[in-house]
Amino acid sequence: GLFGVPELSCPEGFQEAQDKALQDSEQLVQKACSTPPGPETVMIFDQLSDSLCRVADLADFVKVAHPDFAFREAAEEACRNIGTVVEKLNTDVELCQSLRRLLADETVMSSLDPETRRVAELFMFDFEISGIHLDEEKRNKAVDLNVRILDLCNEFLIGTHIPNKIDKHVLPEHIRYNFTAEGNYLQVAGLHADCPDDLVREAAYKIFLHSNTQQLARLEELLASRNSLAQLVGYDTFAHRALQGTMAKNPETVRQFLEKLSEQLSKRTQKDFEMMTKMKMKLNPHNSMLMPWDHPYYSGVLRAERYNIDPGLYCPFFSLGACMEGLNSLFSQLLGISLYAEQTKRGEIWSEDVRKLAVVHETEGLLGYIYCDFFQRPDKPHQDCHFTVRGGRLKENGEYQLPVVVLMLSLPRSARGAPTLLSPGMMENLFHEMGHAMHSMLGRTRYQHVTGTRCATDFAEVPSILMEYFANDYRVVNQFARHYKTGQPLPKNMVSRLCESKKVCAAADMQLQVFYAVLDQIYHGKHPLKKSTTEILKETQEKVYGLPYVHNTAWQLRFSHLVGYGAKYYSYLMSRAVASMVWKQCFAQNPFDRAMGERYRREMLAHGGAKEPMLMVQGMLQKSPSVEDFVDALVSDLDHDFETFIMDS
């Protein structure tokens, strides 16, 4: 069966696994309600969470990645059913009472260790944000709203990817071949951001981002429902509810962070836009006004022209095997960890090119498993991501339940006999996702509820972004980047050029991220919204981003992160700030420093979500960073490295 789960040898097995989980959960609910307050209460709650998550998390992955539609459909159904049960449990008064009794018993509470106390408080928090304190009618309303929000999220997500069609005669004949033809229509499935023809990018932008009444209605209902739910359970806005327990803690801090960052970036962003405009004038003298569809393209042109970083020059040095060796060597030096390929049993994997890695520590032994689903295939989403399939926890019998994760990339298949070659961007993504996987393996908490990456969203990206800093350091790259034919190492100046090229137009790129984050905060802020979501987009784009809004477009209808990162899109920027500080202070001097690696594991990775995020950052940096520190860390990363500049000149 999939992942070694015997029931999952066929799609119907999801029903069986789900029924078993629901049966177990009923018994655990009864047990929780009849157990006197003590550490065992928390243990039972965690078992309850584990029995449901083991099916829901696995199904979450299968529903997007399994090649067989029947499996995807069965997993989707299991997700929905378990999601509904979780919402009901979060408003189960009797179950909540058993936890309340524990939290109210000062003698017992003071005897618990900090991790058990925090996990008890986190379970209570789940009850509270679901409206446990309300009367029955309002509690039922909260459950209904939650279920409706789940459905709207799924519908909105599907809508963000659906291509738009247009009558082919609307477009000039010489650009039609760029789009897929369907009878008299052309299908536009993306922004064609890398296309050198300005007209193709303009057409793609205007057609792909054209407003859609149904999708607009979904988004408006989603935002309104989230707001109703937040207010029903006692928060001013959805953002206030979503940000509790994060590093930022509240929307006011996020606003301050984004405003200060925007202020610091503004002059640099203007310079970037001026450089792009000049480049556009040079290549297209008839139409030199910089538009939103120009930014990704012309920043790429500037990068390539200034630093000659054709991916084709780099790929031969980054074979997949070499990159995996590089990760293995880095983890071994920093953390005493090695990755070993493991044989899979029949039916355990969903595609024959999936590889299973055992993660082994030099003294602690086997820590868990990583399934690597690295290659493109039809119907597989084109996104790189990390999925927790099973969380780690200390079982009742004293054994540790090993974590299981999947890393999903979409690498191109190699020609027969040749190794898979990665572009620098793919190599960086591999390191990024492996950062999440290590967090999952080393966040060995007693409770599954807070294991690995189950922590605050604005902290969860720190370990993965930190890995990007390692991937961009010559000392690290030099350990593994070898030409697959000649064995020659990648020259140092090529790595320096690559790193410096990333700083070209980086301020404008970051400003774009600030714009998305601000938009997300406004959408999840005070309701009813003062204007339509499109008018808010227009106003925010012109004020925060600086490139003109394009009439009749509605980019927000393609903003898929509104689903998983509602009110938390700023997390990428805040996590990057922390990762930058950790890199500069702890690893920039020596990226292989074992003592620092151990400190990083002890202070940041080991706790999963069992410790407040800011306390973990404090433990690592040995100071508590302010909003200004975060902004300075991000902005100082944009400065060019003088040594490289001189070498290149």
Subject >> Pairs where the first residue, in the range 253-265, is closer than 19 Å to GLY546 by Cβ and among the hydroxyl-bearing types (Ser, Thr, Tyr) and the second is assigned to a helix (DSSP H, G or I) and at pLDDT 95 or above, C-beta under 9 Å, 6+ apart >> reply: SER262/THR269; SER262/GLN511; SER262/VAL514; SER262/PHE515; SER262/VAL518; SER262/VAL544
Original post:
Pairs, please: C-beta under 6 Å, at least 6 apart or cross-chain, first residue in contact (Cβ under 8 Å) with a residue 60 or more places away in the chain and in the range 419-432, second assigned to a loop (DSSP other than H, G, I, E, B) and buried (at least 24 other Cβ atoms within 10 Å of the Cβ)?
Top reply: LEU422/PHE318; MET427/PHE318
Subject >> Among residues of the range 77-98, those that are without any contact (Cβ under 8 Å) to a residue 60 or more places away in the chain and either under 30 Å from ASP384 (Cβ atoms) or hydrophobic (A, V, I, L, M, F, W, C) (or both), counted >> reply: 4
Subject >> Among residues of the range 442-488, those that are open to solvent by 10 Å² or more (accessible area, probe 1.4 Å), under 12 Å from the mean Cα position of the chain (by Cα) and of a type in the set (Asp, Glu), counted >> reply: 1
**OP:** Filter the range 163-209 down to residues that are touching a residue at least 40 places away in the same chain (Cβ under 8 Å) and either in contact with a Ser or Thr (Cβ under 7 Å, 6 or more places away or on another chain) or not charged (D, E, K, R) (or both), then give me how many there are.
**Re:** 13
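To keep it simple, each residue is scored yes or no on (1) surrounded by 15 or more Cβ atoms within 10 Å (Cβ to Cβ); (2) at pLDDT below 95; (3) under 21 Å from SER560 (Cα atoms).
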position	(1), (2), (3)
GLY131	yes, yes, no
VAL143	yes, yes, no
ASN146	yes, yes, yes
TYR177	no, no, no
CYS195	yes, no, no
ALA203	yes, no, no
**OP:** Residue by residue through the range 12-30, note down the ones that are touching a helix residue (DSSP H, G or I) at 6+ places or on another chain (Cβ under 8 Å) and open to solvent by less than 90 Å² (accessible area, probe 1.4 Å).
**Re:** GLY13, PHE14, ALA17, GLN18, ALA21, LEU22, ASP24, SER25, LEU28, VAL29
**OP:** Please work out if ALA217 is part of a helix (DSSP H, G or I), open to solvent by 40 Å² or more (accessible area, probe 1.4 Å) and aliphatic (A, V, I, L, M).
**Re:** yes
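Here's the yes/no breakdown for (1) closer than 21 Å to ARG80 by Cα; (2) not small (Gly, Ala, Ser):
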site	(1), (2)
GLY13	yes, no
ASP19	yes, yes
SER25	yes, no
SER34	no, no
ILE44	no, yes
LYS63	yes, yes
Original post:
Any residue in the range 16-25 that is in a helix (DSSP H, G or I) and closer than 17 Å to GLY347 by Cβ?
Top reply: yes
Original post:
Among the numbered criteria (1) over 17 Å from ARG602 (Cα atoms); (2) of a type outside the set (Lys, Arg); (3) without any contact (Cβ under 8 Å) to a residue 60 or more places away in the chain, which single criterion is violated by HIS449?
Top reply: (3)
**OP:** Report yes if LEU409 is touching a residue at least 24 places away in the same chain (Cβ under 8 Å) and open to solvent by less than 50 Å² (accessible area, probe 1.4 Å), otherwise no.
**Re:** yes
Original post:
How many residues are under 25 Å from the mean Cα position of the chain (by Cα) and either in a strand (DSSP E or B) or in contact (Cβ under 8 Å) with a residue 60 or more places away in the chain (or both) if we restrict to the range 393-406?
Top reply: 5
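A quick yes/no check of all residues on (1) modelled with pLDDT under 95; (2) over 21 Å from GLU325 (Cα atoms):
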site	(1), (2)
LEU357	no, no
PRO378	yes, yes
TYR400	no, yes
LEU409	no, no
PRO412	yes, no
MET434	no, no
MET438	no, no
Subject >> Complete set of residues in the range 456-492 that are under 24 Å from TYR565 (Cα atoms) and not hydroxyl-bearing (Ser, Thr, Tyr) >> reply: ALA456, ASP458, PHE459, ALA460, GLU461, VAL462, PRO463, ILE465, LEU466, MET467, GLU468
**OP:** Inspect the range 276-287 for any residue being outside the structural domain of LEU442 (by the TED database), of a type in the set (Ser, Thr, Tyr) and either within 25 Å of the chain's Cα centre (by Cα) or closer than 30 Å to ASP458 by Cβ (or both) and give the result as yes or no.
**Re:** no
Subject >> Residue that is in contact with a strand residue (DSSP E or B) (Cβ under 8 Å, 6 or more places away or on another chain) and either modelled with pLDDT of 95 or more or over 30 Å from ARG497 (Cβ atoms) (or both), where the choices are ALA588, ALA554 >> reply: ALA554
Subject >> Only listed residue being of a type in the set (S, T, N, Q) and not in a helix (DSSP H, G or I), chosen from ASN287, ASN227 >> reply: ASN287
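Table: residues versus (1) surrounded by 21 or more Cβ atoms within 10 Å (Cβ to Cβ); (2) under 30 Å from GLN343 (Cβ atoms); (3) among the hydrophobic types (A, V, I, L, M, F, W, C); (4) not assigned by the TED database to the domain that holds PRO403.
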| residue | (1), (2), (3), (4) |
| --- | --- |
| CYS10 | no, yes, yes, yes |
| ASP46 | yes, no, no, yes |
| CYS53 | yes, yes, yes, yes |
| GLU77 | no, no, no, yes |
Original post:
Looking at this structure, is GLY190 within 26 Å of the chain's Cα centre (by Cα) and over 20 Å from LYS538 (Cβ atoms)?
Top reply: yes
**OP:** For GLU87, state whether it is farther than 19 Å from LEU229 by Cβ and part of a helix (DSSP H, G or I).
**Re:** no
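The values are calculated or read from the model by the stated rules, or taken from the named source; none is laboratory data. Predicted model, so just to flag it, every value in this text is computed and none were measured. Counting neighbours? That spans all protein chains shown, and the Cβs are built from the backbone with ideal geometry, glycine included. To get the accessible areas, we keep the full protein, side chains included, count just its heavy atoms, and leave off ligands, DNA and RNA. Shrake-Rupley method; radii C 1.70, N 1.55, O 1.52, S 1.80 Å.
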